[in-house]
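No lab work stands behind these numbers, since they all come straight from the coordinates. Keep in mind the model is a prediction, meaning the values are calculated, not measured. Please note: Cβ atoms are built from the backbone with ideal geometry, for glycine as well, and neighbour counts cover all protein chains shown.
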Amino acid sequence: MNMNSSGKPRKNAISVREKTYDYLKSNILSGRFVPGERLAEEHLAEELGVSRTPVREALHKLEQEGLIEPLESRGFCVPHDSPEEIEDLFDIRTVLEGYTLKIICERITDEQIEKLEEMIDKAEDALRWKRIGEVFQWNTQFHDTLHSLVADKRRFHSLIVNLRKYMLRYRKDTLQNLGAGKRAIDGHRQILLALKLKDPELCERVMRIHIRLSKEDALQTNREAR
């Protein structure tokens, strides 16, 4: 192991392990590594320009987190998520984001509401021209902007950010469907209206409905992929 005179691992060695793990995890969550695709130590090490040791450590950590599973032959793969696993994630998101919007309702400014409305308009325009990638980008920015309004609640905000990372591949897949894209934009319109009305209970209810519809789209996409 790469050690310094005090017997502790050198910072650059730790950095390589962390960067390798972060890279692999982000690519799994973003959907770059598709379910069933073989992840082999030697190929990943070559791609990253690192030795096989940090890759091996990262893969075993990701296996413990349930993000990959071992193959009968050598290597790992991204598993096909079950409907139950998808439902669990969306149900957690429903509670968390519903409560988040309730908090946001009491602190959002008129200027911030105007910015959110501009994002919805741009997503709607992109959908009209079937620019699906832009729809995804504007919808993501809409939620990013909302969540930035609770960034001062550090632990709470961290929970939201981490959960959204796990949801990323489902959102990308479902928003490839024009109908799902339209439902997402309509949901954002309803969220915006609840924020304009300054009604915390309505905000929570509307967000829960929005996430529930997203869950239905994700489950439908999952069924079609099987």
Among the residues of the stretch 45-65 satisfying the criterion of being in contact (Cβ under 8 Å) with a residue 24 or more places away in the chain and part of a helix (DSSP H, G or I), which is surrounded by the fewest Cβ atoms within 10 Å (Cβ to Cβ)? 57
Residue ID - nearest to residue 182 (Cα to Cα), chosen from residues in the stretch 96-148 that are without any contact (Cβ under 8 Å) to a residue 24 or more places away in the chain and hydrophobic (A, V, I, L, M, F, W, C): 126
Checking the condition surrounded by fewer than 16 Cβ atoms within 10 Å (Cβ to Cβ) and among the charged types (D, E, K, R), which residue from 183, 205, 226 passes? 226
Residues of the stretch 93-147 classified as surrounded by fewer than 18 Cβ atoms within 10 Å (Cβ to Cβ), among the hydroxyl-bearing types (Ser, Thr, Tyr) and within 15 Å of the chain's Cα centre (by Cα), total: 2
Residue set 220, 190; condition polar (S, T, N, Q), more than 30 Å from residue 34 (Cβ to Cβ) and assigned to a helix (DSSP H, G or I); output residue 190
For residue 104, state whether it is assigned to a helix (DSSP H, G or I) and in contact with a Phe, Trp or Tyr (Cβ under 9 Å, 6 or more places away or on another chain). no
Within the stretch 72-80, is there a residue that is of a type outside the set (Ser, Thr, Tyr) and on the phi > 0 side of the Ramachandran plot? yes
Breaking point among (1) closer than 19 Å to residue 142 by Cα; (2) not in a helix (DSSP H, G or I), for residue 81: (1)
